[in-house]
């Protein structure tokens, strides 16, 4: 008669080929393992839900960016209005300058006409008014001096106007740089606020996981003890030799006793490969310290990594995750 080891070896060797060539065996294996993984429709539903969440996040981000674009457009509009006002101011100055130039030209025309009249009179009275001519010549020099002084004053006025224009230009440039600094500061504060929200969401998720574990554990204890006569204990001990975690640390387990059956249970928000190995070492620690054989080892979590499930199958740990159902009695 073949030993159990030989039977296992034969199954491992021939089962893949039989799955391909024997439809009845393939259907039997699929029915037997169907409850251990999610169906295609459920996987599609999860994917659709995840895509909807991503869509909502993207729409929220687009709304925030639209608000900032609107604010930017308003700032640009205010800048344009300010430039229009400045242009109007310069147009008024140019108009005033043209009026001054026109007045100067009219003054020169009137002066020319006046000098023509004086020259005519001077020619007529040249012989008889020689002394008067000298007086008028002196007056002419004084007028020339006055004209030069007027031109000098006009040049100074123009220089002052140019200086004022340059000052206004520099003021506009400084204001533009200040606006850019304000915008950059606002963008930096937005980035810091986003980082703060990301950190807050991460901390909230971790806290929710711990609270969910405790709430599920308390609810499970109440149902089993009050409705089914099952004893549920929270086992806490200290591993001084570091058998479980490689260093001294506290050990926590849920112990379920039902009709003489000893069940060790670990309830976590998620299980990875390392966590499954640690659960197995907790079981060995419990058996070695208390000298009792554990009938069943059960891992309960809404999220169990596929690699952790493979480890659980190899070590004989039962896993229950969404949408698996847990049974208390032996089959």
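The values are calculated or read from the model by the stated rules, or taken from the named source; none is laboratory data. Just so it is clear, the model here is predicted, and its values are computed rather than measured. So basically every Cβ, Gly included, is an ideal-geometry build from the backbone, and we count neighbours across all protein chains shown.
The set of residues in segment 27-43 being surrounded by 11 or more Cβ atoms within 10 Å (Cβ to Cβ) and either at pLDDT below 80 or closer than 23 Å to residue 308 by Cα (or both) consists of 29, 36, 37, 38, 42, 43. With respect to the conditions (1) modelled with pLDDT under 90; (2) farther than 27 Å from residue 320 by Cα; (3) assigned to a helix (DSSP H, G or I), residue 2 falls short on a single one, namely (3). Residue count for segment 239-274 under the criterion of being touching a strand residue (DSSP E or B) at 6+ places or on another chain (Cβ under 8 Å) and on the phi < 0 side of the Ramachandran plot: the result is 24.
Please work out if residue 249 is surrounded by fewer than 18 Cβ atoms within 10 Å (Cβ to Cβ), in contact with a helix residue (DSSP H, G or I) (Cβ under 9 Å, 6 or more places away or on another chain) and modelled with pLDDT of 90 or more. Judged against the criteria, residue 249 is not a match. All of 135, 110, 117, 146 fail the test of being within 27 Å of residue 163 (Cα to Cα), over 60 Å from the mean Cα position of the chain (by Cα) and in a helix (DSSP H, G or I), apart from 146.
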